[in-house]
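The structure under discussion appears below in the form of structure tokens.
Each reported figure results from applying straightforward, stated rules to the coordinates on display, with no laboratory input. Bear in mind that the values here come from a model prediction, so they are computed numbers and not experimental data. Note that we place each Cβ from the backbone using ideal geometry, even for glycine, and neighbour counts take in every protein chain shown.
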Amino acid sequence: MGAGERPPAESDDAVRRVVMDAYGPPDVLTLREVRLPPVAAGEVLVRVAAAGVNVVDLYQRSGTYQVALPFTPGIEGSGTVLRVGADVTGLVPGDRVGWMGQPGAYATHCLVPAARLVPVPDGLSLTGAAALLIQGMTAHLLATEVYPLGDGVVCVVHSAAGGVGGLLCQLAARRGATVIGTVSRDDKSAAASTAGAHHVVNYRTTSFAARVRDITGGRGADVVYDAVGRDTFTDGLACLRPGGAMVLYGQASGAVDPVDPALLNSLGSLFLTKASLSHYDRTPDQTRRRAAAVFDEVLAGRLRIRTHATFPLSAAPAAHEALASRRTVGKILLLP
């Protein structure tokens, strides 16, 4: 059990939960006390240790992504098992677990389908697990499957000082790739370099496409990993070598415009994909295997967790404002 982590209580039916009754700005998020229903078959009651704050939470709060209201955000969390429902095997009270893809983590307690849970190994704190699940597993997917990296590969990693970007830079550098990281502010350059970027470019003040061409001797990059979207997409295509790959996995600056396949051809028969974990890890076993692989990287000292800030549940609006500012370096967590 990590420092500051509480043992499970015998009964915790009354919980506090962040709830939104309407779409809107961050202040639609309010903290209130509720009572959870009994633990159903296939479910597990978890005392939440930490909830990850992700861009999808902002989209759900604003109404960009529609959800059924009232709604409790938070699709990523970690905690300690309190009770298990009927038909649940392999889990007992006291187990340390994490999950992703199930809403409701902005709370002191959460009912989670057992199939969503992954074990958190000894030696890794629950806050560390919550900071790793979505971002670490996404970075692992990008580096190992969507476009496998290795010696001699040149990759461009946008938002190299961010959550996924910083982890992706670490994984890419360890796999032998040359990493060109981009940032939106000069004060993020050091964080990108520390994460493993061999070259760092401010894409707002410098033509990163031209800089990539310079670094590669005119050849261009093999792959661009883009979580920014609209602001970087066009130049990202322009910095790829013939046959290179554009991998979109986010749209922090807005969605990209529709792409004519003829454009990909004219730029060198490029490949374009929009990658999502859910399409690669389609079963609980696949999810657990990837989570275990990422956790092992951290426990072996090959991957460093970077947390930007932690907030109490009552400060969920401030956490959303911090993430929306795009000034963060690393993960934002809510701690009940």
>> Based only on other Cβ atoms within 10 Å, what is the fewest-to-most ordering of Ser266, Ser193, Ser314?
In response: Ser266, Ser314, Ser193
> Using θ = phi - 60° and the Karplus form 6.51 cos²θ - 1.76 cosθ + 1.60, what ³J(HN,Hα) does each residue of the range 152-159 get, whole Hz, x for Gly and Pro?
Replying inline: x, 7, 10, 10, 9, 10, 6, 6
> What is the set of long-range amide H partners of Ala245 at a cut-off below 5 Å, with H atoms built 1.01 Å from backbone N?
Replying inline: Val223, Val224, Phe271
>> I want the local charge near Asp222. Using Cβ-Cβ distances under 13 Å, sum +1 for each Lys or Arg and -1 for each Asp or Glu among the other residues.
In response: +2
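Determine one quarter of the surface area of the Cα convex hull of the range 215-316, which equals its mean projected area, and express it in nm² to one decimal.
Working: hull surface 40.6 nm².
Seen from a random direction, the Cα hull of the range 215-316 projects 10.2 nm² on average.
Run the numbers for Thr310 and Thr30: contour at 0.36 nm per residue of separation, minus the present Cα-Cα distance, in nm.
Details: separation 280, 0.36 × 280 = 100.80 nm, distance 1.75 nm.
Length difference between fully extended and current span is 99.0 nm.
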>> I'm checking a number: the convex hull volume of the Cα atoms of the range 151-274, normalised per residue, in Å³. What is it?
In response: 88
> How big is the gap, in Å, between the Cα center of the range 25-51 and the Cα center of the range 99-113?
Replying inline: 6
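Please order Val56, Val156, Val48 by the number of other Cβ within 10 Å, starting at the fewest. Don't skip to the answer; put the middle values down first.
Details: Val56 17, Val156 34, Val48 27.
Fewest-to-most Cβ neighbours within 10 Å comes out as Val56, Val48, Val156.
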>> I'd like the Karplus ³J(HN,Hα) series for the range 31-43: coefficients 6.51, -1.76, 1.60, θ = phi - 60°, whole numbers in Hz, and an x wherever there's a Gly or Pro.
In response: 9, 9, 8, 9, 10, 7, x, x, 5, 7, 4, x, 9
> Helix 163-174: angle to the longest alpha-carbon principal axis of the chain, degrees 0 to 90, nearest 10?
Replying inline: 60
